[in-house]
1. For region 75-88, indicate whether the set of residues that are surrounded by fewer than 14 Cβ atoms within 10 Å (Cβ to Cβ) and over 12 Å from Ile12 (Cα atoms) is non-empty.
2. Among the residues of region 21-32, are any over 27 Å from Asp67 (Cβ atoms) and not aromatic (Phe, Trp, Tyr)?
3. Across region 61-115, what is the total count of residues that are of a type in the set (Gly, Ala, Ser), under 16 Å from the mean Cα position of the chain (by Cα) and modelled with pLDDT of 70 or more?
4. Please enumerate the residues belonging to region 65-78 that are assigned to a loop (DSSP other than H, G, I, E, B) and either of a type outside the set (D, E, K, R) or in contact (Cβ under 8 Å) with a residue 40 or more places away in the chain (or both).
5. For region 19-31, name all the residues that are β-branched (Val, Ile, Thr) and either under 19 Å from Leu74 (Cβ atoms) or in contact with a Phe, Trp or Tyr (Cβ under 7 Å, 6 or more places away or on another chain) (or both).
Amino acid sequence: MTISLSINSESIQHIYLNYTKGFYLINRRYQRKLVWSIEEKEKLIDSIMKKFPIPMILTAHSKKNDDEHHVEILDGMQRLNSVISFIENEFSVNGKFFDLSSIAQTKKIYGRKSSHTTRTKIIS
C-alpha cells in the first residue's frame with residue numbers, strides 16, 4: 001500500500017461546505033469530546049479574524065463501506081467545531097455574529113440548516 005501525504009490550504013468557506021455535505025468523520029476511539037469553552041472558541045475566531053496563523057486541522061481522506069468520500073478528522077476537532085459554531089451563530093466575537101448570508105457559496109445551503117449530528121458522521 002502506498003501512502004501519499006500532502007498539505008493543502010482550505011478556505012473556511014470550503015470547510016463549512018464539506019461540513020454541510022456530511023463529509024467529515026469523527027472517530028470517537030481517539031477524538032475526545034468537545035471541551036472548549038465559549039471563551040476559547042472566541043479567542044480562536046478572533047485570531048482568524050486578525051489573520052493570525054492557527055494550528056492545522058489534520059485530516060485523512062477515506063472511503064467507507066458506503067463507498068462515499070469522507071474526510072476523517074485526525075486532529076483539530078475543537079478548532080473545527082469552533083469555526084462551525086461561529087458560522088452557525090452559536091456565539092459572537094466582540095459582540096458580532098457571523099453573517100452567513102453574505103457569502104455567495106453558502107447562500108445556497110443556508111436554508112438547509114439542520115443539527116450537527118446529521119452532517120457529521122460519528123464512528124465509535
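1. Checked against the condition, which is being surrounded by fewer than 14 Cβ atoms within 10 Å (Cβ to Cβ) and over 12 Å from Ile12 (Cα atoms), region 75-88 yields no hits at all.
2. yes
3. Count: 3.
4. Let us first name the residues in region 65-78 that are assigned to a loop (DSSP other than H, G, I, E, B), namely 65-68, 76.
Those that are assigned to a loop (DSSP other than H, G, I, E, B) and either of a type outside the set (D, E, K, R) or in contact (Cβ under 8 Å) with a residue 40 or more places away in the chain (or both): Asn65, Gly76.
5. Matches in region 19-31: Ile26 only.
This table checks each residue for (1) in a helix (DSSP H, G or I); (2) farther than 19 Å from Gln78 by Cβ; (3) touching a residue at least 24 places away in the same chain (Cβ under 8 Å).
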residue: Gln13; (1), (2), (3): yes, yes, yes
residue: Leu17; (1), (2), (3): yes, yes, yes
residue: Lys33; (1), (2), (3): no, no, no
residue: Glu42; (1), (2), (3): yes, no, yes
residue: Pro53; (1), (2), (3): no, no, no
residue: Met56; (1), (2), (3): no, no, yes
residue: Ala60; (1), (2), (3): no, no, no
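The values are calculated or read from the model by the stated rules, or taken from the named source; none is laboratory data. All values reported here derive from a predicted model rather than from experimental measurement. Reconstructed Cβ throughout: ideal geometry from the backbone, glycine too, with neighbour counts over all protein chains shown.
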